[in-house]
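To start, the structure itself, in structure tokens.
Any read-out appearing in this document is the output of simple, stated calculations on the displayed coordinates, not a laboratory observation. These numbers come from a predicted model, not from an experiment. Note that we place each Cβ from the backbone using ideal geometry, even for glycine, and neighbour counts take in every protein chain shown.
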Amino acid sequence: MAKPPLTPESNESEICLNCGFCCDGTLFPNAVSGPGETAESFIAIGLTPTEGSPGEKSGFSLPCPHFAGLCTIYASPRPWICGAFRCRLLRSVERGKYTVTQAQQIVHETKAMRETLRPVLDAMHADAVAADAGADTRNRSLLRRLQVVIGMLVRPEAGQFRDKYGKLLPTVLHLTSRLNDDFLPKPLREKKDYQNISNAADQ
């Protein structure tokens, strides 16, 4: 018997349940609140509320404690943003740029790059921050930490940094570009900017 075609909702479920970058602190350090949501409503479902900076919404801290490799409250009442957020990968599938299988492969490859960097990322980020007293360390998402590392590559003293972490820097650039281009709702950088930084890293 032929398998029935997937609906858009089931397409998204397959991709999201295998991903979790918007839940686990990879993309964001916190999630924003939705209509009618309060600190008390977040506490009631085991989340840690956060206060928004001036001009920003309040919300709850990430990584989400209900994410353990996959969302454990996916079919239960959950914050508004969990259903409303749509990354660029989902939009690309919707537009026909990628199939569900291709999107899942992108998630798999991106996770593999992240795991390659995870053992050394803390030291790499600490060295980058130590060399740049003005580095903003408040946003603790993995993506932001990677961007701080990339910022080190264009500094005059980057030679020593490249000597220490040189073999991993291509993965840093590739992972940052992938998260930026395929998973954020809107890219923080143009691709040409990453190309310029990649050229600097090769010098």
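First measure r as the distance between the Cβ atoms of ASP163 and VAL100, then evaluate 1/(1 + (r/R0)^6) with R0 = 35 Å and state the FRET efficiency to the nearest 0.05.
Details: r = 42 Å, r/R0 = 1.21.
For R0 = 35 Å, the calculated efficiency reads 0.25.
How about region 34-122: which GluC sites (Glu not before Pro) there are in a DSSP loop, with at most 12 other Cβ atoms within 10 Å of their Cβ?
Sites meeting the loop and neighbour criteria: GLU51, GLU56.
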Checklist outcome for this item: Going residue by residue through region 80-85, the Karplus relation 6.51 cos²θ - 1.76 cosθ + 1.60 with θ = phi - 60° gives ³J(HN,Hα) values, rounded to whole Hz and with x marking Gly or Pro, of 4, 5, 5, x, 7, 5
Checklist outcome for this item: Here the net charge surrounding ASN18, from other residues whose Cβ is less than 13 Å away from its Cβ (Lys, Arg +1; Asp, Glu -1), is -3
Checklist entry - Is region 28-86 best put as rounded, prolate or oblate by its Cα gyration tensor, with a ≥ b ≥ c the root eigenvalues, rounded for a/c under 1.5, and otherwise prolate when a/b is larger than b/c, oblate when not? => result prolate
Next on the checklist: Testing the spin-label approximation: label points 7 Å from Cα along Cα→Cβ at ALA84 and THR48. State their distance in nm.
Outcome noted: 2.3 nm
Next on the checklist: At a 10 Å Cβ-Cβ cut-off, how would you order MET152, MET124, MET113, fewest neighbours first?
Outcome noted: MET113, MET124, MET152
Next on the checklist: Can you classify region 11-170 as rounded, prolate or oblate using the Cα gyration tensor, where a ≥ b ≥ c are the square roots of its eigenvalues, rounded means a/c under 1.5, and otherwise it's prolate if a/b beats b/c and oblate if not?
Outcome noted: oblate
Item to check | Candidate lysines - alpha carbon under 27 Å from LYS186, same-chain residues fewer than 8 apart omitted | outcome: LYS57, LYS97, LYS111
